[in-house]
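Data first, discussion second: the structure below is written as structure tokens.
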Amino acid sequence: MDRLRLTFSVVLLLGLVSGCAGTAIAPSRDNGSQPGLESTDQRSALPLYLKGIGGKSYPSLAPLLRPITPAVVNISVDSETRLAEHPFLRDPAFRRFLERFDLPLPETMQRQRSQSVGSGLIVDAARGYVLTNAHVIRDATEIIVTLKDRRSFRATLIGSDASADTAVLRIPPVRAPALRFGDSSALEVGDFVVAIGNPFGIGQTVTSGIVSAVGRGGIAGDTLGGLIQTDASINPGNSGGPLVNLAGEVVGINTALIGPSGGNVGIGFSVPSNRVQLAMRRIIGRR
């Protein structure tokens, strides 16, 4: 009977995968051991996460995500940008007109304040280092990092690298799980991945999908080089959050999306983890 239940679970699991619905399970490229997770050889077995209730088991990614999500944070940013000077103000005739009728010149250094949200990942809890996208904290005057347990901290910017859209923030030391980075060069089209972030500022959200393409160029003016494309839902606010494989490894940092209405249509992009790690080491090494 137990063997029959396990067989049924595997059939159900494969049905979910082929239908692109619910939980997706796939071979993993595990380069080491993950606390609380079993390592499996991608050529010999599927990483099967079973959750039991009332003596019954069914496939679930909850055991995989449980030790990961506490390291993912929400980021809110107050920023200030300088407005472009109106071309009329560069016209001498227009200036003379204002002076003739004793009219004041408009402010030439007007600034616009705005608020935005994003996501991040605690990469060193003891030192309070938080990884996010450089574009998330651009022009920031105040950065607030909120943990999954709802505690909030004011963050300082350690440094950023626009070429990898990577920034490192610092908050007070906290307790958070230590996550591994995976080898993004080993990713293939069809590998299953999970995106974690703060879409539209509603709070921590998990979505799943597959790697749709690797080395995708021509995105963000092609300034970021080859990116990971995924159909895991990435929306405004997901930027800076991790893209995780089914070995529990961070293989990318979510950075961009294509959507006619500004929302997800199944085309999102992440900076590969190998590039992010190099940028992060450069940033921290400059301290």
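Structure above, values below:
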{"read-out": "Filter result for the condition that a residue is closer than 27 Å to L257 by Cβ and open to solvent by 40 Å² or more (accessible area, probe 1.4 Å), over D149, D161, D139, D165", "value": "D139"}
{"read-out": "Enumeration of residues in segment 137-184 that are touching a Leu at 6+ places or on another chain (Cβ under 8 Å), part of a strand (DSSP E or B) and among the polar types (S, T, N, Q)", "value": "T156, T166"}
{"read-out": "Yes/no for D183 being charged (D, E, K, R) and open to solvent by less than 40 Å² (accessible area, probe 1.4 Å)", "value": "no"}
{"read-out": "Some residue of segment 201-208 being touching a strand residue (DSSP E or B) at 6+ places or on another chain (Cβ under 7 Å), part of a strand (DSSP E or B), open to solvent by 10 Å² or more (accessible area, probe 1.4 Å) and small (G, A, S)", "value": "yes"}
{"read-out": "Looking only at segment 168-180, and only at residues there that are among the hydrophobic types (A, V, I, L, M, F, W, C) and farther than 18 Å from D78 by Cα, the one that is most open to solvent (accessible area, probe 1.4 Å)", "value": "A178"}
{"read-out": "Count - residues of segment 138-163 that are of a type in the set (A, V, I, L, M) and modelled with pLDDT under 95", "value": "2"}
{"read-out": "Residues that are more than 9 Å from the chain's Cα centre (by Cα) and closer than 21 Å to T146 by Cβ, drawn from segment 234-270", "value": "N235, P236, V244, V250"}
{"read-out": "Those residues of segment 99-118 which are farther than 30 Å from V136 by Cβ, among the aliphatic types (A, V, I, L, M) and at pLDDT 70 or above, in sequence order", "value": "L103"}
{"read-out": "Residues being in contact (Cβ under 8 Å) with a residue 60 or more places away in the chain and under 19 Å from the mean Cα position of the chain (by Cα) - total across segment 141-168", "value": "19"}
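The values are calculated or read from the model by the stated rules, or taken from the named source; none is laboratory data. These numbers were taken from a predicted model, which means no experiment stands behind them. We place every Cβ from the backbone using ideal geometry, glycine too, and count neighbours over all the protein chains shown. To get the accessible areas, we keep the full protein, side chains included, count just its heavy atoms, and leave off ligands, DNA and RNA. Shrake-Rupley method; radii C 1.70, N 1.55, O 1.52, S 1.80 Å.
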